[in-house]
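Contents: one structure, followed by commentary.
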Amino acid sequence: LPLCFPQKLWKMLESDQFRSIWWSDGGKCVAINKDLFKVEVLGRGVRQRVFNTRHIKSVIRQLNLYGFTKMQQNFQRSASLPEFLAEEAAASAHSQILYYYNPSFNRAHPWLLEMCKRK
C-alpha cells in the first residue's frame, strides 16, 4: 500500500537521508529549506521520487490540505544600525526556511499521525 502524504513526510523527517527537511521546535514543527528541498527532494529522478511532483507549491498545497499551518519566526530587532543590518542579512537567509505546524504531527507522539486526515 502506498504511503499517504503525512506518512511520507514523517519518514523523511526521521531519515538521515535529507538535509532540506527536519523537525523544528522540539519536534512540533516541520522546517523546510525551500531551495535545498527543490534540489534534494523535488529534483530527483522518477525512480527515486518521494512525491509525485516537482513543484514546491504542490507540496505546500498538500501540507495545507492535511491541516498544516505556516508558522512565522519572529526576530527581535536591534536599535543600532550595524546590528540591525546583520540581523536583516540573517533574516533574509532564514526566509528560505518554511515552518509548518499541525497539532497531530508531533515527533513525541507518533500515534497522532493517524489523526492527520486530508480535508
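The values are calculated or read from the model by the stated rules, or taken from the named source; none is laboratory data. Bear in mind the structure is a predicted one, so any value in this text is a computation, not a measurement. Quick reminder, even Gly has a Cβ in these numbers, built from the backbone with ideal geometry, and neighbours come from all protein chains shown. These accessible areas exclude ligands, DNA and RNA; they are computed on the full protein's heavy atoms, side chains included. Shrake-Rupley method; radii C 1.70, N 1.55, O 1.52, S 1.80 Å.
Some notes on this structure:
- Which of Thr69, Thr53 is most accessible, then next, and so on - probe 1.4 Å: Thr69, Thr53
- Ile60 - accessible surface, heavy atoms, 1.4 Å probe, Å² rounded to 10: 40 Å²
- Sorting Asp16, Asp35 on solvent-accessible area from highest to lowest, probe radius 1.4 Å, gives Asp16, Asp35.
- Arg47 versus Thr69: modelled label distance in nm, points set 7 Å from Cα along the beta carbon direction: 4.3 nm
- Against the criterion of solvent-accessible heavy-atom surface with a 1.4 angstrom probe, Trp22, Trp10 sort, most first, into Trp22, Trp10.
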